Amino acid sequence: MPHADVEDELTRDDGERRVGPEDGLPGPPTGSAEAEGPDEQDLADEPEEAVDAGQVLARLASLLGAPSLIDVGDVRVRGQNATGPGATAIGTVNITTTGVGSGGRTWSETLSGVWVRQLADGYAPTPSDQQLDRHLKQRHLVCLSGPEGTGRQSAACLASARRHGFDHVAVLDAEQLTDLLRPDAPLRAGYGHVLRLTDGVVGELDGMTLVALAARAETVGSTLLLVGDFGRRDHAFAGHLVPHRPAAPVEVFRAQLRRLLRGRCVGWCSDDCVGDCLDAYLDECVAHPLLSAHLSGGPRVSEVVRLAELIGQAPPRAADFTERLERLLPRQLRERATRILAVEDTSSAAGPWSAEHRRAFRLSCAVLAGQPVAEIHAAGRLLAASGPIGEFPGPAPASLTGGTVDALLGPALRQAVLLVDDDRPTGGRRLEFSAGNDQLRTSLLEVAWSDWWLPEQLLGWLAELVRTGSPGVREAAAGSIGWAARHGVRAALHTVDLLARERRASVRQAAAVALVAMAMQPQLRQRVRVELDRWAANGPAHLRDTVARAYASGLARLWPDAALVQLRQIAEARMQRWHNSVVRGLVEVHAAGHEERVLPALAEWSTSPDPEVRLHAGRALRVLADRWAPAPREHWPELLDMVRGGTVPMTDLVTCWAAALSLPGTAYRSWRTLGFWLNRADRQPEVAAYCLELLARLVTGREPLRRRLEHQLRHVWAPLMPRNTLLDDVRRLTTEEPR
């Protein structure tokens, strides 16, 4: 077993080491030999903020209403992104992307069989499914025509699954349809390929292209399903076209809620419930007047699915069901939000606070939920930009009594929020929306956007909060900027662009959070991806740094392939030598379940002629080397366990270690980490064998590393680990050439 005192000695930093850029601290002062140029010198006016990507994504999902699982909406994102027929699951591997040999003009994204089965489990059959199945059996190319948002993409994916199997469904994308006729196009035998067409592509599609695509699919031995709104062109594609007739919203709701509640007792059954109560509960739900009116109004499939998910989290009964619907249904939510911001209550307990002040306070509650009441009160600066009213008058934030806060909130909003004692250094109380009322936050923002304040006024206010607020306020305001992009993407991106150019790292970090919030909304992903491509390739240093921070804040979990490409471009920037955002983004890709992509990429980075890229490869390897496999293999370094399991090749691991152990900026900590590996491998024969193989390959043909290994063994490891029997085998590697 490892020796505890040695573990502590090998993992702590001692006083001999000089703290530097490897720790994520600012670089040398202006005027030093290594200082940046005037356009890339970063100000060190505040410490770096630790960012937990999982927490950022969870808070944004609370505001945006993003589902925890993949939705069944109709989504298209160009590029090698984690896309598919719905919003991407955070932290879950759902697709495999190919298309490297096609010059980046075509992409094939293979949906996981597990996800397709889950989609089928909650799918409401449509009247056109049988016709679609017949066409796919007879033809290799079929066009499915229907308006966007009607579930046509889900219908296409499941039709392909019924034809080829759950594990053989791929989503295609292409710059032009004719790119699919190229020899290197990613069409694979035995797969059902689904390709969504924009209205522009549908308008330009001609019959000969259709014939050529059908012939290509037949030659390959696959099927191709084109999904789009063919509208008036149905006569031009007779024989290939199947009109999509969506399932009724009530059936979609039934199917989704049945999937979510299957196996749970929702009635007054005894202990031996066999599930008979589920059908009765579903009938009770859809017969409710509020829900029935909503479903008969023709809501989008994604709205119905989201409503079923919210109800399925904690199935209500009787009066509780009515209360839940009033909090969840869009029409009721908007009416409720309108009443709150209209400030209909005339209570005099608010003292000097006018109706405008109370309205701004209530909107601040929606934006800054979870922050101390004092922060929400200070956010009333919104009024300063709207006229002569100016700042909040009256008492200071600390003197807000319970009665005053209740009057500012009003009865409707007071029922939806909780005042929680805040034991943080700021003191006071925090205001949070109670469970089931998160959707009200979005409704308040929508009403404020459309009825009360101009978009530029709201965005300017949010940008001011980002520049002047505390860390929590900055992140909350940034999330609201990302939310606003659904109503004005150009204005929101312009606001983020301005924030991303700021010299303060904390402001750029907030801009990165806003980008993540935009990317979490399927309808905005294409626009955000184009912007990030431009910033990463040609943007100024601060814009590139913001892109790296966005990937480190959770975007890497959504777009792992794009993260690897763009972080490689950003790593070349001299400014990144003083930041760890690139490394954090790479670690996010690794931690999100894409380990097999990260280490090969780092091996390529390690041999780059660019010294900055090599430095980031060494830093990333050192961080990943500190990760350990989960139980029951916790005695294995995670990277070494991946080699054992065949996830990554030993050659790539050796290349990365060689760079990390050789670079001046990473060698010190890397040698210490390697020593800790040997300490933990002692008396673990299988781990020890892989460690020795790694060391043998490292020193073969690398005489400087062999000499450094001998020095490390003699002067560091042997004195610290005198009882480690593995060091005798390591010592032989320093005296003889491995065979």
Item to complete: Please work out which residue is farthest from residue 206 (Cα to Cα), limiting yourself to the stretch 98-115 and to residues that are at pLDDT 80 or above and surrounded by fewer than 23 Cβ atoms within 10 Å (Cβ to Cβ).
Response: 114
Discussion item. Take residue 529 and tell me if it is basic (Lys, Arg), surrounded by fewer than 24 Cβ atoms within 10 Å (Cβ to Cβ), farther than 20 Å from residue 579 by Cβ and in contact (Cβ under 8 Å) with a residue 40 or more places away in the chain.
Written reply: yes
Worksheet item: So which of 554, 482 is at positive phi, in contact (Cβ under 8 Å) with a residue 24 or more places away in the chain and buried (at least 24 other Cβ atoms within 10 Å of the Cβ)?
Response: 554
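Mind listing whichever residues of the stretch 540-551 are open to solvent by less than 10 Å² (accessible area, probe 1.4 Å) and of a type outside the set (Ser, Thr, Tyr)? Give the steps one after another, and end with the answer.
Within the stretch 540-551, the subset open to solvent by less than 10 Å² (accessible area, probe 1.4 Å) is 541, 543, 545-551.
Answer for the stretch 540-551, where residues must be open to solvent by less than 10 Å² (accessible area, probe 1.4 Å) and of a type outside the set (Ser, Thr, Tyr): 541, 543, 545, 547, 548, 549, 550.
What residue, among those in the stretch 659-691 that are of a type in the set (A, V, I, L, M) and more than 18 Å from residue 626 (Cβ to Cβ), is surrounded by the most Cβ atoms within 10 Å (Cβ to Cβ)? Step through it out loud before you land on a result.
First, the residues of the stretch 659-691 that are of a type in the set (A, V, I, L, M): 659-661, 663, 667, 674, 678, 681, 687-689.
Those left that are additionally more than 18 Å from residue 626 (Cβ to Cβ): 688-689.
Values: 688: 20, 689: 14.
Among those residues, the one meeting the criterion is 688.
Of all helices (runs of 4 or more DSSP H) completely enclosed by the stretch 252-322, which ones contain at least 1 residues that are farther than 30 Å from residue 148 by Cα? Outline the logic, then answer.
On the way: elements: 277-286, 289-296, 301-313.
Result: 277-286.
Could you tell me which of the residues 132, 158 is surrounded by 22 or more Cβ atoms within 10 Å (Cβ to Cβ) and touching a strand residue (DSSP E or B) at 6+ places or on another chain (Cβ under 7 Å)? It would help to see each step written out before you state the result.
On the way: 158 fails: touching a strand residue (DSSP E or B) at 6+ places or on another chain (Cβ under 7 Å).
So the residue among 132, 158 that is surrounded by 22 or more Cβ atoms within 10 Å (Cβ to Cβ) and touching a strand residue (DSSP E or B) at 6+ places or on another chain (Cβ under 7 Å) is 132.
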Item to complete: Kindly indicate the residue of the stretch 637-658 that is of a type outside the set (Ser, Thr, Tyr) and under 15 Å from residue 705 (Cβ atoms) and also surrounded by the most Cβ atoms within 10 Å (Cβ to Cβ) among those meeting that condition.
Response: 656
Discussion item. I need the full set of residues from the stretch 193-235 which are open to solvent by less than 40 Å² (accessible area, probe 1.4 Å) and under 14 Å from residue 173 (Cβ atoms), in order please.
Written reply: 193, 194, 195, 196, 197, 224, 225, 226, 227, 228
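Can residue 537 be described as out of contact with any Pro (no Cβ under 6 Å at 6 or more places or on another chain), open to solvent by less than 10 Å² (accessible area, probe 1.4 Å) and part of a helix (DSSP H, G or I)?
Working: out of contact with any Pro (no Cβ under 6 Å at 6 or more places or on another chain): yes; open to solvent by less than 10 Å² (accessible area, probe 1.4 Å): no; part of a helix (DSSP H, G or I): yes.
Taking the combined requirement at face value, the residue does not satisfy it.
What do you reckon, is residue 217 of a type in the set (Gly, Ala, Ser), more than 30 Å from residue 291 (Cβ to Cβ) and over 28 Å from the mean Cα position of the chain (by Cα)? Walk me through how you get there before you give the answer.
Details: of a type in the set (Gly, Ala, Ser): yes; more than 30 Å from residue 291 (Cβ to Cβ): yes; over 28 Å from the mean Cα position of the chain (by Cα): yes.
Criteria met by residue 217.
Determine whether residue 700 is surrounded by fewer than 16 Cβ atoms within 10 Å (Cβ to Cβ) and either among the β-branched types (Val, Ile, Thr) or modelled with pLDDT under 85 (or both). Even if it seems obvious, please write down each step before you answer.
Details: surrounded by fewer than 16 Cβ atoms within 10 Å (Cβ to Cβ): yes; either among the β-branched types (Val, Ile, Thr) or modelled with pLDDT under 85 (or both): yes.
Considered against the rule, which asks whether it is surrounded by fewer than 16 Cβ atoms within 10 Å (Cβ to Cβ) and either among the β-branched types (Val, Ile, Thr) or modelled with pLDDT under 85 (or both), residue 700 comes out as yes.
Let's see how each residue does on (1) at pLDDT 85 or above; (2) crowded, with 22+ Cβ neighbours inside 10 Å:
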{"residue": "563", "(1), (2)": "yes, yes"}
{"residue": "566", "(1), (2)": "yes, yes"}
{"residue": "569", "(1), (2)": "yes, no"}
{"residue": "578", "(1), (2)": "no, yes"}
{"residue": "585", "(1), (2)": "yes, yes"}
{"residue": "588", "(1), (2)": "yes, yes"}
{"residue": "596", "(1), (2)": "yes, no"}
{"residue": "602", "(1), (2)": "yes, yes"}
{"residue": "607", "(1), (2)": "yes, no"}
Worksheet entry | Residues satisfying the stated conditions in the stretch 611-636, i.e. open to solvent by 10 Å² or more (accessible area, probe 1.4 Å), more than 27 Å from the chain's Cα centre (by Cα) and more than 30 Å from residue 575 (Cβ to Cβ) | 632, 633, 634, 635
Practice prompt. Look at residue 505 and say whether it is among the small types (Gly, Ala, Ser), out of contact with any strand residue (DSSP E or B) (no Cβ under 7 Å at 6 or more places or on another chain), modelled with pLDDT of 80 or more and over 22 Å from residue 62 (Cβ atoms).
Written response: yes
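Take the residues in the stretch 345-368 that are open to solvent by less than 30 Å² (accessible area, probe 1.4 Å) and in a loop (DSSP other than H, G, I, E, B), then tell me which one is modelled with the lowest pLDDT.
So in the stretch 345-368, the residues open to solvent by less than 30 Å² (accessible area, probe 1.4 Å) come out as 350, 353, 357-368.
Cutting the leftovers down to in a loop (DSSP other than H, G, I, E, B) gives us 350, 353, 368.
On the way: 350: 53, 353: 68, 368: 84.
Per the criteria, the residue is 350.
The values are calculated or read from the model by the stated rules, or taken from the named source; none is laboratory data. None of the values given here were measured: they were computed from a predicted structure. Ideal geometry is used to build each Cβ from the backbone, glycine not excepted, and the neighbour counts take in all protein chains shown. When the accessible area is computed, the model is the full protein with side chains, heavy atoms only, and any ligands, DNA or RNA have been set aside. Shrake-Rupley method; radii C 1.70, N 1.55, O 1.52, S 1.80 Å.
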